[in-house]
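Below is one structure; the comments refer to it alone.
The values are calculated or read from the model by the stated rules, or taken from the named source; none is laboratory data. Everything numeric here is computed off the predicted structure, so don't read it as measured data. All Cβ positions, even for glycine, are placed from backbone atoms using ideal geometry, and neighbour counts span all protein chains on display. The area values use the complete protein model at the heavy-atom level, side chains included, leaving out ligands, DNA and RNA. Shrake-Rupley method; radii C 1.70, N 1.55, O 1.52, S 1.80 Å.
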Amino acid sequence: MERKINFFDISLRNEYLKKISNTTFDVIVVGGGVTGAGICLDSSSRGLNTCLIEMNDFASGTSSKSTKLIHGGLRYLEQFKLKLVHETGTERAVLHKIAPHIIKSEKMLLPIIRGGKLNRFTTKAALFIYDLLANVKRVDRFKILSKAETQYQEPLLKKNKLLSSAIYSEYRTDDSRLTIDLIKKSFSYGASPINYVKAIKFIYDNEHKVIGVTCKDQFTNNSIDIYSKYIVNASGSWTDEVLESKNKKLVLSKGIHIVLPKEKLNIKQSIYFDALDSRMIFAIPRGKTVYVGTTDNKYEPGINNIRVSKREVKYLIDSINNCFTKFLDFKDVISSWSGLRPLVNDGKKNTREISRKDEIFISKDGLISIAGGKLTGYRKMAERVVNILVRKYKKKIKSKTKNILLFDHDFEFCKTKSYEYGISNSTFNKYYNIYGDNCLEIFKIFKKEVNSTNSEDKIIIAEFIFSRRNEMCQSLLDFFSQRNSVVYFDIERINDYLKILEKYVIEKNIMSAKNWDKELNDLNNYVKEITIFI
């Protein structure tokens with residue numbers, strides 16, 4: 001059902017909170033990452049009145065800190081997780097169909113080197129099984145290249161150890177944008193998702209069954225009680241904290257990525273290459289940058305302190321220098337991100353050996369928790385959770401999310417329409433690849449409200465206004481991180497964008513000078529965290 005009031009406009013937050021606190025829901029989802037977002041959409045599209053709460057911004061945790069690939073998990077073949085490879089592999093095509101603006105086909109080059117993890121035979125065998133299990137179309141199936149062909153394809157690879165290579169198909173994505181699009185789509189189905197509302201404690205009935213959540217509005221510190229018959233804990237790395245159990249369900253793995261100017265590592269396509277140890281890592285071009293990762297180390301300290309360390313950066317830089325002819329140093333890294341992977345504890349000590357499979361736990365008090373899994377499998381994870389919910393409600397409604405498109409208009413329609421707003425091809429492509437058909441609303445705001453006769457640089461104003469009105473974007477940090485990833489992939493221009501924005505938002509009373517200074521300080525502190533390593 002279409003919503004009459006756009007509660008994703010942050011100016012309506014207080015009204016929205018009042019509505020939520022006065023509603024008894026069928027389901028409350030705790031956690032606004034991609035898993036929670038997927039559950040929210042699946043649940044609401046099956047007719048369950050669903051509320052989602054997130055203690056920070058949507059996708060601000062693990063769901064914006066991945067390698068940003070929708071991939072079938074080639075490494076799972078080593079663990080003989082054939083069912084998992086089949087499921088995640090076939091999901092790639094489904095996700096590309098429902099969100100083609102942010103999930104795009106990507107050719108991956110896998111160099112085969114002397115003494116490397118994979119030789120020509122094992123690579124060929126693994127990719128043959130991989131393509132078969134993932135239902136890869138014949139035209140996209142892997143190819144083995146000779147050494148000469150590999151050098152032509154990727155001149156920066158060192159020649160001394162290179163034997164040959166393979167090219168196979170994957171999909172790249174924007175993880176935070178996917179999460180936000182899922183949440184927005186769930187809202188159109190009648191769900192009530194909201195960010196910056198933190199679950200503090202559960203509310204129980206006389207039989208000690210969970211029937212609600214006492215929450216805190218992170219902006220006002222006001223307490224809010226939200227009631228529901230069933231509650232799903234999809235809080236990812238925070239699952240154990242929500243469960244308050246002495247028996248920890250998770251092992252946390254820390255992974256970091258570094259971002260380099262493309263001129264420093266001007267590769268032609270994504271590359272999956274041998275790191276210094278027995279692992280393999282990705283180098284993926286994005287715009288004017290290339291990002292490299294990820295590390296995989298067991299994480300012990302408090303989960304709110306996950307700064308990137310110099311040791312981790314050195315590991316990635318040394319791995320790059322070992323594989324490519326370019327010599328990189330710390331000063332070449334322009335940005336980074338660090339995230340935690342919630343792995344289901346299976347008794348293994350090494351995080352690299354722990355399965356990435358998801359698992360559902362149902363507590364004695366009725367709380368349903370889901371943990372583990374990967375970005376690629378979010379939709380199937382959500383489906384399994386909501387299958388439990390509909391059985392509890394004695395309904396027989398199958399999941400519809402396989403066919404729920406996260407867009408209304410395709411690329412060609414949007415491109416033709418953009419000409420009416422006088423938008424250049426480069427600007428259109430940039431905004432379509434972030435916002436999909438919502439880019440048209442940004443162009444409309446730019447033309448009708450910003451009224452700029454100068455450069456298209458000022459379109460950043462329209463983007464900011466759009467995000468505040470339509471995506472529950474609460475701050476500059478939300479905007480430059482989860483909404484458009486500027487802090488990672490366009491960080492060198494962030495000060496230019498801020499100058500343009502500051503003048504406009506203060507002149508138009510969109511934000512007070514005091515609030516601007518506070519938000520700018522929060523943004524600058526985050527920029528320091530991702531550019532200065534400990």
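Overview of values
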quantity: One residue from K396, K402 being farther than 19 Å from F464 by Cβ and modelled with pLDDT under 95; calculated: K396
quantity: Close pairs (8 angstrom Cβ cut-off, 6 or more residues apart or separate chains): among the acidic types (D, E) in segment 253-274, assigned to a strand (DSSP E or B) and at pLDDT below 95 anywhere; calculated: D274/I113; D274/M280
quantity: Out of K528, K518, K499, K447, sole residue that is at pLDDT below 95, open to solvent by 30 Å² or more (accessible area, probe 1.4 Å) and not in a loop (DSSP other than H, G, I, E, B); calculated: K447
quantity: Any hit, segment 170-180, residues being touching a Phe, Trp or Tyr at 6+ places or on another chain (Cβ under 9 Å), at pLDDT below 95 and either open to solvent by less than 60 Å² (accessible area, probe 1.4 Å) or closer than 30 Å to I320 by Cα (or both); calculated: yes
quantity: Some residue of segment 201-214 being of a type in the set (S, T, Y) and either in contact with a Gly (Cβ under 6 Å, 6 or more places away or on another chain) or assigned to a loop (DSSP other than H, G, I, E, B) (or both); calculated: no
quantity: Residue check for I303: modelled with pLDDT of 90 or more, hydrophobic (A, V, I, L, M, F, W, C), open to solvent by less than 30 Å² (accessible area, probe 1.4 Å) and within 21 Å of the chain's Cα centre (by Cα); calculated: no
quantity: Residues of segment 468-489 that turn out to be over 16 Å from K65 (Cα atoms) and not in a helix (DSSP H, G or I), as a count; calculated: 5
quantity: Residue in segment 56-64 that is of a type outside the set (V, I, T), farther than 26 Å from S237 by Cα, out of contact with any Pro (no Cβ under 6 Å at 6 or more places or on another chain) and open to solvent by 10 Å² or more (accessible area, probe 1.4 Å) present; calculated: no
quantity: Among (1) part of a loop (DSSP other than H, G, I, E, B); (2) closer than 30 Å to S235 by Cβ; (3) aliphatic (A, V, I, L, M); (4) modelled with pLDDT under 85, the one test that V85 misses; calculated: (1)
quantity: Sole residue being farther than 24 Å from I183 by Cβ, in contact (Cβ under 8 Å) with a residue 40 or more places away in the chain and not hydroxyl-bearing (S, T, Y), chosen from K458, K392; calculated: K458
quantity: Residue in segment 424-431 that is closer than 28 Å to V313 by Cβ and buried (at least 19 other Cβ atoms within 10 Å of the Cβ) present; calculated: no
quantity: Breaking point among (1) within 30 Å of L405 (Cα to Cα); (2) of a type in the set (K, R); (3) surrounded by 15 or more Cβ atoms within 10 Å (Cβ to Cβ), for K161; calculated: (1)
quantity: Leading residue by the ranking (surrounded by the most Cβ atoms within 10 Å (Cβ to Cβ)) among those in segment 139-158 that are of a type in the set (A, V, I, L, M) and without any contact (Cβ under 8 Å) to a residue 40 or more places away in the chain; calculated: L145
quantity: Residues within segment 129-138 that are in contact with a strand residue (DSSP E or B) (Cβ under 9 Å, 6 or more places away or on another chain) and either of a type outside the set (A, V, I, L, M, F, W, C) or surrounded by fewer than 17 Cβ atoms within 10 Å (Cβ to Cβ) (or both), tallied; calculated: 3
quantity: Residues located in segment 411-436, provided they are in contact (Cβ under 8 Å) with a residue 60 or more places away in the chain and at negative phi; calculated: F411, Y432, N433, I434, Y435
quantity: Subset of segment 224-266 [touching a Lys or Arg at 6+ places or on another chain (Cβ under 8 Å), farther than 18 Å from T62 by Cβ and open to solvent by less than 10 Å² (accessible area, probe 1.4 Å)]; calculated: L265
quantity: Failed item, numbered, when D205 is tested on (1) acidic (D, E); (2) touching a Ser or Thr at 6+ places or on another chain (Cβ under 7 Å); (3) open to solvent by 40 Å² or more (accessible area, probe 1.4 Å); calculated: (2)
quantity: Residues being of a type in the set (D, E) and more than 16 Å from F464 (Cβ to Cβ) - total across segment 501-534; calculated: 2
quantity: Residue selected from segment 306-337 under the condition under 20 Å from the mean Cα position of the chain (by Cα) and open to solvent by less than 10 Å² (accessible area, probe 1.4 Å), by the criterion nearest to V487 (Cα to Cα); calculated: S335
quantity: Residues being under 22 Å from S176 (Cα atoms) and among the basic types (K, R) - total across segment 1-44; calculated: 1
quantity: Filtered residue count, segment 267-286, keeping only those that are closer than 21 Å to D174 by Cα and open to solvent by 20 Å² or more (accessible area, probe 1.4 Å); calculated: 6
quantity: Segment 24-38: number of residues that are part of a helix (DSSP H, G or I) and either more than 18 Å from G212 (Cβ to Cβ) or open to solvent by 10 Å² or more (accessible area, probe 1.4 Å) (or both); calculated: 4
quantity: Residue that is of a type outside the set (D, E) and either more than 22 Å from A99 (Cα to Cα) or open to solvent by 70 Å² or more (accessible area, probe 1.4 Å) (or both), where the choices are G212, G190; calculated: G212
